[in-house]
Structures are given as C-alpha cells and as structure tokens.
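The values are calculated or read from the model by the stated rules, or taken from the named source; none is laboratory data. These numbers were taken from a predicted model, which means no experiment stands behind them. With ideal geometry, Cβ positions are generated from the backbone for all residues, glycine too; neighbour counts draw on all protein chains shown. Each accessible area value is taken on the protein alone, full model and side chains, heavy atoms only, with ligands, DNA and RNA left out. Shrake-Rupley method; radii C 1.70, N 1.55, O 1.52, S 1.80 Å.
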Amino acid sequence: MHARRPIPAGLTRRGVLGAGGALGLGGLLTACGGSDGGAKSPGGGTGWSFKDDRGTTAKAAKRPRRIVAYIGAAAALHDFGVECTGVFGPTKLKNGEPDVQAADVDVDKVTIIGNAWGEFSVEKYAKLRPELLVSTMNESPRLWYVPDDSAKKITPLAPSVGILTGKTSLTKVIGRFAELAESLGADLAAEKVTAAKKRFEAASETLRRSARAAKSRGGIKVMAVAAQADMLYVGDPADFTDLRHYADLGIEFVTPTKTAEGGFFQELGWENADTYEADLILVDKRTGNLQPGELKKSKPTWAKLPAVKADQVISWSNEAQFSHAGYAPLIEQLAAAVDKSRKAAA
C-alpha cells in the first residue's frame with residue numbers, strides 16, 4: 001500500500017509518505033438493531049447492494065451485519081448508528097486505552113484483527129465470518145490498511161466497500177458514510193444524527209465568521225504539520241479533505257511549494273523548520289507523531305517559530321472519523337483558535 005502522509009508507529013519510511021487516514025469479542029453486533037432484511041436492489045427485488053468510490057458494487061443476499069472495518073470507517077459508521085464486529089488499524093494503545101482514531105468505538109467490544117500498519121490477520125478475519133469489509137481510500141482502488149501482499153486472500157472472503165477520503169470534499173465524504181450507514185440499516189432521521197448535522201453546519205458557519213474577522217484584522221496564515229523525530233511534514237491544504245473544507249470557509253493556509261510523490265506533505269529537515277511563515281500551527285495528533293510539548297523541549301528550531309512563541313498552536317485531528325459528530329467539535333476548536341490568534345510571523 002502506498003501511504004500519502006505521515007502516520008504513526010510501525011510504518012516504514014515508504015509507508016509514511018502518503019495520504020490516509022492511521023483496529024476479544026467475536027459476537028455479533030447488529031447493524032442498527034432493526035430487522036435483518038435486505039434493502040431493495042437497484043434492479044428491483046430484495047438483497048443489499050452499495051456502489052462504492054471505486055465504482056464497484058458490493059452485493060449480498062441480505063443486509064450485512066457482520067461488518068469488519070478500518071477503525072476510522074468503523075468510528076464514522078458508529079456515529080451514524082452502525083456497529084462493527086471487527087476492526088483493523090490503530091485501535092488500542094500499548095496501555096490498553098483507545099487510540100485517538102477509535103473515537104467513540106468501544107474498543108473492548110470489537111475484535112481487533114490488526115492494530116498497526118501491515119497488521120491484518122487473515123485467520124482472525126476469516127473466523128469472524130465477515131459479511132462486509134469497509135475501508136477508506138486515500139487513492140482508489142487501494143483500501144487503507146489492507147496489506148497489498150495479502151489482499152488476494154482477504155477480498156474473496158466478503159464483499160468490500162471503499163470510501164474515498166483524500167483530495168475530495170469533507171461534506172461529500174460524510175455524505176457517503178451516511179449513505180453507506182443507511183444502506184446498512186441506520187436511521188438518519190434519529191435525533192442524535194440530525195443534532196450532530198445541525199452542530200456541524202453551525203460550527204462551519206462559526207468558522208466562516210471567524211475567518212472573516214481574522215481577515216479584517218490583517219489576516220493570519222495557518223500551517224498544518226506532522227512532526228516526527230527526523231522530519232517536519234508540512235501539509236498541502238488542497239490534498240486534505242478537512243483542510244479543504246476549512247479553506248472553503250475562508251481560512252488562509254500555508255501551501256508548500258513542493259510535496260512528496262503523491263502529494264499531501266512536503267518533507268523538511270528540522271534545520272528548515274522556519275521555511276514558511278505561519279501565525280497558527282495545527283499539529284497532527286495521531287499516535288506516533290511528536291506533540292507540541294515534546295517539540296518545544298526537543299526541537300530548538302520549533303521553539304523559535306513565531307506561532308510557537310505566541311502559543312498559537314493547536315492539535316490537528318488529521319484522521320478524525322468522517323461524520324458530522326466527528327468533525328463538529330474540531331471545527332469549533334479551530335474557530336476558537338482563529339479568534340484568539342493574531343499576526344505572529346515577522
């Protein structure tokens with residue numbers, strides 16, 4: 001698999017350079033607590049089908065219930081009312097606590113068939129008797145965190161769905177997960193779901209106003225980064241679905257002059273950490289990336305950045321679950337940071 005952006009722990013350098021989104025119980029978790037009947041198929045009759053972002057139509061005789069998903073996809077489906085039986089990708093930390101990417105998934109009630117890059121137990125997957133495999137895609141047709149070297153063993157075991165999450169619209173991605181969840185039995189009219197959508201829309205309008213106010217003060221430049229021991233990665237806002245949304249609402253981002261093959265990030269040695277001027281910095285919070293406190297102590301060039309000295313640094317949920325519930329609080333956090341930020345760069 002070709003990754004397109006730095007992600008945490010366990011990845012090789014080759015895997016780190018790319019885009020994406022960074023996993024007990026074998027019992028059945030229902031898709032939404034409703035009947036197990038099928039949805040109407042496009043050609044009439046009963047059965048279940050869903051056309052994914054590869055242009056592939058997944059089909060089953062009845063609505064899938066035993067769903068195994070990449071943890072980010074499982075978290076999004078959870079927010080719409082669909083629970084997964086198994087997950088893969090960064091789900092649990094070494095201390096047993098949930099990884100940030102697990103969001104509200106109960107990590108003790110799902111079977112984890114892989115917890116890091118390159119981990120996907122085909123044996124565990126088969127034992128779950130999967131009825132559907134769901135993952136995100138940074139680029140079609142590669143399913144995120146499904147290893148290339150075992151994909152031929154994995155994909156025949158169940159229909160699969162890939163949702164494109166890179167270089168596209170945030171609202172479109174959320175809409176696609178909503179469509180998938182509905183096909184799996186979720187009630188999109190449920191109060192929790194509609195309230196989350198209203199909060200997302202309100203948060204987006206708040207960020208639009210914050211961006212407008214910042215511009216009236218002379219403007220601020222926002223830079224999204226991922227930090228690792230040997231490198232600072234500067235994100236290209238055109239490639240990240242969330243940053244695209246924020247830019248559409250008026251946030252002015254630093255755009256790197258050149259990114260690695262496949263896009264998403266420009267790599268900078270720490271001696272060049274000051275290549276771009278920024279007034280507010282967003283730091284990738286995924287497990288395995290250095291966080292602001294660590295950076296300030298260990299990277300002198302970071303500590304000297306104007307935004308850092310002005311304490312205008314916040315976390316960036318680079319790979320949050322693609323749901324209204326997942327992104328609403330993040331947009332609110334960014335709006336609050338923009339409101340507080342002032343011109344820091346020389």
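Against the condition of a type outside the set (A, V, I, L, M), open to solvent by 50 Å² or more (accessible area, probe 1.4 Å) and closer than 23 Å to residue 335 by Cβ, how does residue 167 come out, does it pass?
It is false that residue 167 is of a type outside the set (A, V, I, L, M), open to solvent by 50 Å² or more (accessible area, probe 1.4 Å) and closer than 23 Å to residue 335 by Cβ.
Filter segment 250-265 for residues that are surrounded by fewer than 20 Cβ atoms within 10 Å (Cβ to Cβ) and either at negative phi or of a type in the set (Phe, Trp, Tyr) (or both) and give the result. Can you show your working first?
So in segment 250-265, the residues surrounded by fewer than 20 Cβ atoms within 10 Å (Cβ to Cβ) come out as 250, 252, 255, 257-258, 260-262.
Result: 252, 255, 257, 258, 260, 261.
I'm told residue 77 meets every condition in (1) in contact with a Leu (Cβ under 8 Å, 6 or more places away or on another chain); (2) closer than 16 Å to residue 154 by Cβ except one. Can you identify the failing condition by its number?
Residue 77 satisfies every listed condition except (2).
Can you name the residue in segment 182-200 that is open to solvent by 50 Å² or more (accessible area, probe 1.4 Å) and among the small types (Gly, Ala, Ser) and is also nearest to residue 335 (Cα to Cα) among such residues?
Result: 195.
Is it true that residue 153 is surrounded by fewer than 23 Cβ atoms within 10 Å (Cβ to Cβ), out of contact with any Leu (no Cβ under 9 Å at 6 or more places or on another chain) and either at pLDDT 95 or above or of a type in the set (Phe, Trp, Tyr) (or both)?
So residue 153 fits the description; yes.
Has segment 131-140 got at least one residue that is at negative phi, at pLDDT below 95 and surrounded by fewer than 16 Cβ atoms within 10 Å (Cβ to Cβ)?
yes
Check off (1) open to solvent by less than 30 Å² (accessible area, probe 1.4 Å); (2) under 26 Å from the mean Cα position of the chain (by Cα) for residue 345 and give me the number that stays unchecked.
(2)
Can you tell me how many residues in segment 74-91 are within 15 Å of residue 111 (Cα to Cα), outside any strand (DSSP E or B) and open to solvent by less than 10 Å² (accessible area, probe 1.4 Å)?
Within segment 74-91, residues that are within 15 Å of residue 111 (Cα to Cα), outside any strand (DSSP E or B) and open to solvent by less than 10 Å² (accessible area, probe 1.4 Å) number 6.
Regarding segment 306-320, can at least one residue be identified that is farther than 30 Å from residue 201 by Cβ, touching an Asp or Glu at 6+ places or on another chain (Cβ under 8 Å) and either among the aromatic types (Phe, Trp, Tyr) or surrounded by fewer than 19 Cβ atoms within 10 Å (Cβ to Cβ) (or both)?
Yes, that holds for at least one residue.
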